[in-house]
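Okay, structure first, notes after.
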Amino acid sequence: MNNHSKKVAGLAGIVSVLWMGLTAAVAANQKRLLFNPLGSKREVLKPYSTGHRTRPVVIRSKDGTRLSGWLMTPRMAGTHPGVVYFGGRSEEVSWVARDAGKLFPGMAVLAVNYRGYGDSHGDPAEEHFVEDGRMLFDWLSERHHVDPKRIAVVGRSLGSGVAVQVAMERDANSIVLITPYDSILAIAKRKFKAIPVEYVLKHKFESVKYVGQIKAPTYVLRAAMDDIVPHSHTDLLVEKLGTLHADEIIPDSDHINIPYLESTQERIASFLSSRFSA
């Protein structure tokens, strides 16, 4: 082998080692890349909805893990429609209790932090999020003041993938997806083009595989400027939705501020109220 061939072989070996090292790093750190519970510090110190009775709840998952959040119940007596909320990658859900009066007027609302988020115990994982999500849907439907035939699921960003899988296996009245994606796998492949992420990513959240099975009317809300979930990834999801109610872009919104904006909250409240009254 001449010197040139040796140099080429040496460079190829270095590239191979670097590629293997990068692949191993992504595989080992995927939970930290995908989930961000350390960024989910209590957003509202004393969560309270002016339109609801608000109380903290601790609910045990099927394997006994303690999940902490809030249950908001309308002040008027009687049976009410319900909403189960699923948050984003770095989201702690106490803010939902603060804004529930505008977002979910006249509705019983359950907002619980994922495993490892807020005061919830356990470790984040797709299978746990989805299993816990189904359990929370069932828990809310069993409350005496909740109409089990009128329960919606609302998912933001990462939580849209949880909401889709819960709605696929539960009789949801309606669905709201805020900045949803086709799959986390597809977004990861876009970001790490040189790495075979399909072989190392355990938490794929492939919503695009499940939305075709959803029967409930689905309302999609996009951010005007979104560098986390590009609109092309939402397009692929919407194409598979057979029950699309509307697909709208919220003016002056980005991936972070969209759920807090008055226009977003008014649209969600209007959609859910019309669905529940129907």
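Computed quantities for the displayed model
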{"quantity": "Segment 88-116, residues that are part of a helix (DSSP H, G or I), surrounded by fewer than 23 Cβ atoms within 10 Å (Cβ to Cβ) and in contact with an Asp or Glu (Cβ under 6 Å, 6 or more places away or on another chain)", "calculated": "95"}
{"quantity": "Residues that are open to solvent by 20 Å² or more (accessible area, probe 1.4 Å) and of a type in the set (Ser, Thr, Tyr), drawn from segment 117-158", "calculated": "141"}
{"quantity": "Residue in segment 215-228 that is more than 21 Å from residue 162 (Cβ to Cβ), in contact with a strand residue (DSSP E or B) (Cβ under 7 Å, 6 or more places away or on another chain), among the aliphatic types (A, V, I, L, M) and open to solvent by 10 Å² or more (accessible area, probe 1.4 Å) present", "calculated": "yes"}
{"quantity": "Considering residues of segment 97-112 that are touching a helix residue (DSSP H, G or I) at 6+ places or on another chain (Cβ under 8 Å) and hydrophobic (A, V, I, L, M, F, W, C) only, the residue farthest from residue 263 (Cα to Cα)", "calculated": "112"}
{"quantity": "Entirely in segment 134-223, the helices (runs of 4 or more DSSP H) that have 3 or more residues that are farther than 24 Å from residue 110 by Cα", "calculated": "184-191, 197-200"}
{"quantity": "First in segment 119-130 and closer than 19 Å to residue 42 by Cα, second anywhere and open to solvent by 30 Å² or more (accessible area, probe 1.4 Å) and modelled with pLDDT of 95 or more, Cβ under 7 Å, 6 or more apart", "calculated": "120/66; 121/66; 122/128"}
{"quantity": "Residue in segment 193-202 that is within 19 Å of residue 87 (Cβ to Cβ), crowded, with 21+ Cβ neighbours inside 10 Å, in contact (Cβ under 8 Å) with a residue 40 or more places away in the chain and not small (Gly, Ala, Ser) present", "calculated": "no"}
{"quantity": "Selection within segment 190-211 - out of contact with any Ser or Thr (no Cβ under 8 Å at 6 or more places or on another chain) and at pLDDT 95 or above", "calculated": "210"}
{"quantity": "Residues satisfying the stated conditions in segment 246-278, i.e. in contact with a Ser or Thr (Cβ under 6 Å, 6 or more places away or on another chain) and either assigned to a helix (DSSP H, G or I) or open to solvent by 70 Å² or more (accessible area, probe 1.4 Å) (or both)", "calculated": "258, 275"}
{"quantity": "Some residue of segment 75-82 being within 21 Å of residue 259 (Cβ to Cβ) and touching a residue at least 12 places away in the same chain (Cβ under 8 Å)", "calculated": "yes"}
{"quantity": "Residue match in segment 42-61 (condition: modelled with pLDDT of 95 or more and part of a loop (DSSP other than H, G, I, E, B))", "calculated": "yes"}
{"quantity": "Hits in segment 137-154 (condition: in contact (Cβ under 8 Å) with a residue 60 or more places away in the chain and either hydroxyl-bearing (Ser, Thr, Tyr) or within 12 Å of residue 167 (Cα to Cα) (or both))", "calculated": "151, 152, 153, 154"}
{"quantity": "Leading residue by the ranking (least open to solvent (accessible area, probe 1.4 Å)) among those in segment 236-245 that are out of contact with any Pro (no Cβ under 6 Å at 6 or more places or on another chain) and not in a helix (DSSP H, G or I)", "calculated": "241"}
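The values are calculated or read from the model by the stated rules, or taken from the named source; none is laboratory data. Quantities reported herein were computed from a predicted structural model and do not represent experimental measurements. As a convention, Cβ positions derive from the backbone with ideal geometry for all residues, glycine included, and neighbour counts pool all protein chains shown. Heads up: the accessible areas ignore ligands, DNA and RNA and are worked out on the full protein's heavy atoms, side chains in. Shrake-Rupley method; radii C 1.70, N 1.55, O 1.52, S 1.80 Å.
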